[in-house]
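Worksheet: one structure, shown below.
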């Protein structure tokens, strides 16, 4: 797990002078080592977080023995030992114990064809100096990020957007359509970047071209989640045994590390199964189980986590989450590079900060909900599937009736969701891109772009028309929510504290296996993750098996109803700077802040957090060049008081 940057084509005029700046901005991704190499038409920079082969033999950029091939590689190839054994039988020789060297040899032999053989998470850049070609690539599900900018005669790329923005001649014009998309979706899709002219390499894609004409590089896709349902609704014992074998192996290869390994253990069955399997598969020292505890009882799962750790025979440590400071949002904004509205980034960030004191590599249960139908919206959509069968005139009437209710009414919001066309209630279950309150809040800079802001959601939803609601929801999450929210959240939070996070449920073999199951084998109208619950009966304590999913939430409603939270909202969202940007209408936002305090009224906490993050990001990347100075301290500008714990 590291950070990379580089360029192909025409050498930047200030290239060598800028290397130190770019390297410093990515230091959190790789504090252990740094390197930079360049040649005719290429430059590769790297920050290393040492995980496998801690010796200098793992240094990057890495070159092949004859000096022809160069590689910078962020991530891990979990099946590198098996790949190495195959290459050795074919005559290849190795000097180090790193997965990077395995990847150099494999790419030298097979080029982009090698991508289908990799089981891992990665973003990398590979150069063949003799053929004068290059490849940049990203892992199947998008665990590791890779941004790029195509200019006239050049291609620049980096693990994080800030390392592209830091070039002295880098354009930095905010895309108002991207601001609109963020406000509508709560995050930015792979299709769009907050600044014009920048792009994200999509998951399971590579960009291949020639060093002398990088602007002609071609984009290729090497994998996608197949949706070929087969079999019966009830899983057999043999099928469950096969799933257990897959998850066991996925966990086993993710324990490969030359530094201490831990597990992020919540009270749920996903991370619980990972803990149980890790306890069985670990060779030598068993991984440490780490849990975050909350003072708010509705969010605390530490009792369940402790029971799981005891059952798995793992040492368990509890990190008590301290009362949060809203000013920490400034620090988050620096690390996330683009507006990011998922408030659970705050406790995730705090967990990673504390976890860094205990280990360098951590396993999680991320991906289990997408693969096995675990989200609440999957179950609820099936329960209310009659909404999708409503005749179009009724949906039209429901949408029309919603217009007659007060703009800030929760009933208007619910009625609008229920009447969406094409079963759209299941796609926008927790928030509608055309939320009336959001439409009220948007400012003049965004208003002309807002009509199409939900396009990434609706275009992906329409592409699966004809499939079951649950299949469509899963396809949507794999295409949008998982890579652009869940994985972004964990990558930035973990890398901010120089730790690596791995998830067995993101093993492509597990994803493909689950995708072939009939959806009725995954969930019903009461609960999801039916196959995992069956495994939990074998491996987890009784109270964890049947426990309800709570998620990694944040009590935004209570925070923003407290006087300190109200003060912070007003100081930030109603400021002179906020008005000047024009992203939202300060008068209308003031109405929303006031409405949030009404007893029994709609909870506007998520919307207000979304605006706060956009404000914090704007202060760092738009109003000034402060991002070049590095992350702000733990307490941000103004040092407002920490919020009291919610009883």
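Values in this text are rule-based calculations from the coordinates and carry no lab data. Here the structure is a predicted model, which is why all the values come from computation and not from measurement. A quick note on method: Cβ atoms are made from the backbone with ideal geometry, for glycine too, and the neighbour counts reach across all protein chains shown.
Counting every other Cβ atom within 10 Å of each residue's Cβ, 590, 228, 160 order from fewest to most as 228, 590, 160. Over the range 196-264, what number does the Rg to Rh ratio reach, with both radii from the alpha-carbon atoms and Rh per Kirkwood? With Rh from the inverse mean 1/r over Cα pairs, Rg/Rh is 1.17. Sorting the segments 117-123, 364-370, 571-577 by their residues' average number of neighbouring beta-carbon atoms within 10 angstrom, most packed first, yields 364-370, 117-123, 571-577.
Highest average first, the peptides 221-227, 31-37 ordered by how many other beta carbon atoms sit within 10 Å of their residues are 31-37, 221-227. Projected onto their three principal axes, the Cα atoms of the range 55-153 cover extents of 43, 31, 28 Å, largest first.
The residue 110 and residue 10 beta-carbon pair, evaluated with R₀ = 30 Å, returns a calculated FRET efficiency of approximately 0.55.
For the range 485-549, the convex hull spanned by the alpha carbon atoms encloses 139 Å³ per residue. Taken over the range 310-418, the convex hull of the Cα atoms encloses 211 Å³ per residue. Is it possible to state the helix-based mean residue ellipticity at 222 nm for the chain, with each DSSP H run of 4+ residues giving -39500 (n - 2.57), the sum divided by total residues, to the nearest 500 deg cm²/dmol? What is it? Result for the chain, helices only: -11000 deg cm²/dmol. Once a ≥ b ≥ c are taken as the square roots of the eigenvalues of the Cα gyration tensor of the range 171-310, is the result rounded (a/c under 1.5), prolate (a/b larger than b/c) or oblate (a/b not larger than b/c)? Judged from the Cα gyration tensor, the range 171-310 comes out prolate (a/c at least 1.5, a/b above b/c). Sort the range 360-448 into rounded, prolate or oblate with this rule: let a ≥ b ≥ c be the square roots of the eigenvalues of the Cα gyration tensor; rounded if a/c is under 1.5, and if a/c is not under 1.5, prolate when a/b is larger than b/c, oblate otherwise. Since a/c reaches 1.5 but b/c is at least a/b, the shape of the range 360-448 is classed as oblate. Once you reduce the range 503-546 and the range 104-138 to the center of their Cα atoms, the two points are 34 Å from each other. Counting only Cα atoms, the range 486-618 measures 57, 38, 27 Å along its principal axes, largest extent leading.
Derived from the Cα gyration tensor, the three semi-axes of the equivalent ellipsoid of the range 9-75 are 21, 17, 8 Å, largest first. The label-point distance for residue 575 and residue 587, in a model that sets each label 7 Å from Cα toward Cβ, rounds to 2.3 nm.
Take every DSSP beta bridge whose two residues both sit in the chain, then give the antiparallel share in percent to the nearest 5. Beta bridges within the chain, antiparallel portion: roughly 75 percent.
By its C-alpha gyration tensor, with a ≥ b ≥ c as the square roots of the eigenvalues, how is the range 416-541 shaped: rounded for a/c under 1.5, else prolate for a/b larger than b/c, else oblate? Oblate, since a/c reaches 1.5 and b/c is not below a/b. Sorted ascending by nearby beta carbons within 10 Å, beginning with the fewest, 417, 579, 529 become 579, 417, 529. Highest mean packing comes first when the peptides 619-632, 602-615 are listed by Cβ atoms within 10 Å, giving 602-615, 619-632.
Counted residue by residue at 0.36 nm each, then reduced by the alpha carbon distance between them, the extension gain from residue 344 to residue 259 reaches 27.8 nm. In the chain, the alpha-carbon atoms span a convex hull of 150 Å³ per residue.
Largest first, the three principal axis extents of the alpha carbons in the range 108-214 are 45, 32, 17 Å in whole numbers.
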